[in-house]
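What follows is a set of notes on a single structure, which appears directly below.
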Amino acid sequence: MADCRLCLITPPRINDVAAFADTLEQALSAGDVACLQIRLKDVDDAAIISVSKPLIEIGQAHEAAVLINDRPDLADRLGADGVHIGQEDTPYAEARQILGDDRIVGVTAHDSRHLAMVAGEAGADYVAFGAFYPTTTKDPKAQANPEILTWWSSLFEVPCVAIGGITPDNAAPLVEAGADFLAISSGVWQHTDGPAAAVRKFNEIFAK
């Protein structure tokens with residue numbers, strides 16, 4: 001299962017930024033985390049900016065790439081490492097134009113081989129498949145099968161990310177199927193033993 005790494009996705013709402021910053025610091029200190037995706041829903045730009053600034057600083061201090069969800073303009077403005085875009089967000093070409101070639105642009109492919117290939121051929125830094133399991137974080141548009149990870153990783157060099165309802169208890173099949181990264185939200189923040197323990201457990205799975 002070697003070579004898979006962890007990506008953390010923030011909760012969709014962060015009401016107490018200082019408290020979450022402390023939690024994030026503990027989680028990032030608990031083990032290897034490749035990426036932090038700031039995904040805030042139903043908030044205005046001012047809220048995204050105020051929440052993101054301290055989280056970007058913490059993430060980058062821990063050598064995690066920090067991505068802003070949906071908004072390449074804010075990612076550029078805030079000095080984030082890149083952006084994650086869905087199929088209904090900013091088009092890939094526009095996001096790449098805003099951020100340039102040196103920053104990350106990742107693209108959601110749901111359960112679609114076609115969408116993944118289009119994104120990969122366009123130059124996306126990764127493609128994200130999911131949801132693989134039921135999730136309460138967002139309403140998934142597709143149900144993906146782990147086989148799509150095996151297909152992708154056997155044919156393409158562009159990394160693939162698995163997302164959707166992943167916990168330490170159900171992660172192993174996705175790693176075995178070929179995921180390069182697991183993107184986790186509630187599986188870390190709502191873990192019964194706390195986020196830091198969840199990060200340690202995921203890294204234990206990756207090391208097997």
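Overall dimensions of region 75-144, expressed as equivalent-ellipsoid semi-axes from the Cα gyration tensor (√(5λ), whole Å, largest first), are 23, 15, 9. Taking the chain, the Cys residues with no second Cys beta-carbon under 4.7 angstrom are C4, C160. Over the chain, one equal point on each Cα, no solvent: what is log10 I(q)/I(0) by the Debye formula at q = 0.08, 0.12, 0.18 Å⁻¹? Log10 of I(q)/I(0), two decimals: -0.24, -0.55, -1.34.
Using all pairs of distinct alpha-carbon atoms, the Kirkwood hydrodynamic radius of region 1-110 works out to 14.2 angstrom. Each residue, E63 and N15, gets one label point 7 Å from its Cα in the Cβ direction; the gap between the two is 3.7 nm. Dividing the alpha-carbon radius of gyration of region 128-182 by the rule-of-thumb value 2.2 N^0.38 Å gives 1.05. Charged side chains reduced to their Cβ positions (Lys and Arg at +1, Asp and Glu at -1) give the chain a dipole of some 320 debye around its Cα centre.
In percent, rounded to a whole number, the relative contact order of region 5-207 is 20, using alpha-carbon pairs under 8 Å and six or more apart. Ranked for footprinting exposure by Cβ neighbours inside 10 Å, fewest first, K41, K201, K53 give K41, K53, K201. Electrostatic bookkeeping for I98 treats Lys and Arg as +1 and Asp and Glu as -1; over the other residues with beta carbon under 13 Å from its beta carbon, the sum is -3. Taking a Cβ cut-off of under 13 Å around P159, the surrounding Lys, Arg, Asp and Glu residues balance to a net charge of -3, with basic ones at +1 and acidic ones at -1. Taking 7 Å steps out from each Cα toward its Cβ at D3 and K141 produces label points 2.9 nm apart.
Modelled spin-label separation between K208 and A93, with each label point placed 7 Å from Cα along the Cα-to-Cβ direction: 4.5 nm.
Under the rule that an exposed site lies in a DSSP loop and has at most 14 other Cβ atoms within 10 Å, name the longest stretch of the chain with no GluC sites (Glu not before Pro) of that kind, not counting the sites themselves.
89-156
Taken together, the values in this text are just the output of simple stated rules run on the coordinates, not laboratory data. Because the structure is a prediction, the values reported are computed rather than measured. Cβ sites come from the backbone with ideal geometry, for glycine too, and all protein chains shown count toward neighbours.
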